[in-house]
Amino acid sequence: MIKVVLNSEADTEVLARDLAKVLRPGESIGLSGDLGAGKTTFVRYVIGAMGGDIQEVSSPSYTLQHEYKLPADLLVEHWDLYRLRDLPEELREPTSSSSIRFLEWPERCPGLSQDLDFHCQFSLCGDGSREVVIAGADIDVRLASVGVRGVP
C-alpha cells in the first residue's frame, strides 16, 4: 500500500502517468472516493499517458461505461457503478488480456472488490489537497520502480 498527497491537478497528472507506466493488460483498478474527489480526472490522465486523447475522457455516470481504444490494440474500460446495486453481467468475466478496466465505486457491487488488482481510495482534505491510498499486491514496489514515494 502507498499513500500519496496530491496538492494540485498537476500532481494528479504526475501520479496518473506513473501508474500508467506500471499497469499491465488484464488488470482491474477500483477507484473510490467522494463525488469530486478526482477519480475521473485520474483516469483521464492515465489514458492520456497511454496514448489516448484526454479530451475524449468523461465520466460514465449516466452511460455506466465508456471504452477507449489506445495504441497497441489496448482497450481501456471505464465504468461508473454508483447507481448500481448488482454487478453487471459484463463485469462477471475477468478483464481480457488486451484491456485495462477502471471501476469507479466498486463498493456498490458486493463481491467485486476481491477481483480488483489495485484499489485507489481518493479523499478530499480540508486544505484543498487530495490523499490517494493505492493498495494492491505489489503496487508499492511497482510505483517505487518509477520513482513514486509515498507519505507516512
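The values are calculated or read from the model by the stated rules, or taken from the named source; none is laboratory data. The model shown is predicted, which means the values in this text are computed figures rather than measured ones. Don't worry about glycine lacking a Cβ; one is built from the backbone with ideal geometry, like all the others, and counts go over all protein chains shown.
So in segment 10-23, with the set limited to residues that are over 18 Å from Ser129 (Cβ atoms) and over 12 Å from the mean Cα position of the chain (by Cα), which one is surrounded by the most Cβ atoms within 10 Å (Cβ to Cβ)?
Going through the qualifying residues, I end up with Val22.
Checking the structure you have, find out if any residue of segment 47-55 is over 21 Å from Ala137 (Cα atoms), surrounded by fewer than 19 Cβ atoms within 10 Å (Cβ to Cβ), free of Cβ contacts under 8 Å to residues at least 40 places away in the same chain and polar (S, T, N, Q).
Yes, the conditions are met somewhere in segment 47-55.
Can you report the number of residues in segment 103-152 which are closer than 25 Å to Tyr68 by Cα and among the small types (Gly, Ala, Ser)?
Residues meeting the conditions: 3.
Have a look at Leu91, Leu103 and point out the one that is touching a residue at least 60 places away in the same chain (Cβ under 8 Å) and either surrounded by 15 or more Cβ atoms within 10 Å (Cβ to Cβ) or β-branched (Val, Ile, Thr) (or both).
One residue alone meets the criteria, Leu103.
Quickly run through segment 72-88 and pick out the residues that are of a type in the set (Asp, Glu) and either at positive phi or buried (at least 17 other Cβ atoms within 10 Å of the Cβ) (or both).
Asp73, Glu77, Asp80
How many residues are more than 13 Å from the chain's Cα centre (by Cα) and at pLDDT below 95 if we restrict to segment 33-52?
The total comes to 3.
Of all the strands (runs of 3 or more DSSP E) wholly in segment 1-114, which have at least 3 residues that are closer than 27 Å to Asp127 by Cβ and out of contact with any Gly (no Cβ under 7 Å at 6 or more places or on another chain)?
Once the strands (runs of 3 or more DSSP E) in segment 1-114 are filtered for at least 3 residues that are closer than 27 Å to Asp127 by Cβ and out of contact with any Gly (no Cβ under 7 Å at 6 or more places or on another chain), what remains is 28-33.
Looking at Gly26 and the list (1) surrounded by fewer than 20 Cβ atoms within 10 Å (Cβ to Cβ); (2) under 13 Å from the mean Cα position of the chain (by Cα), which single condition is not satisfied?
The number of the failed condition is (2).
From the list Lys3, Lys39, exactly one residue is more than 19 Å from Arg149 (Cα to Cα) and surrounded by 15 or more Cβ atoms within 10 Å (Cβ to Cβ). Which is it?
Every option except Lys39 fails the conditions.
Looking at Ser59, is it among the polar types (S, T, N, Q) and touching a helix residue (DSSP H, G or I) at 6+ places or on another chain (Cβ under 9 Å)?
When the stated conditions are applied, Ser59 passes them.
Looking at segment 115-152, which of the residues that are assigned to a helix (DSSP H, G or I) and of a type outside the set (Gly, Ala, Ser) is modelled with the lowest pLDDT?
Within segment 115-152, the match that is modelled with the lowest pLDDT is Asp115.
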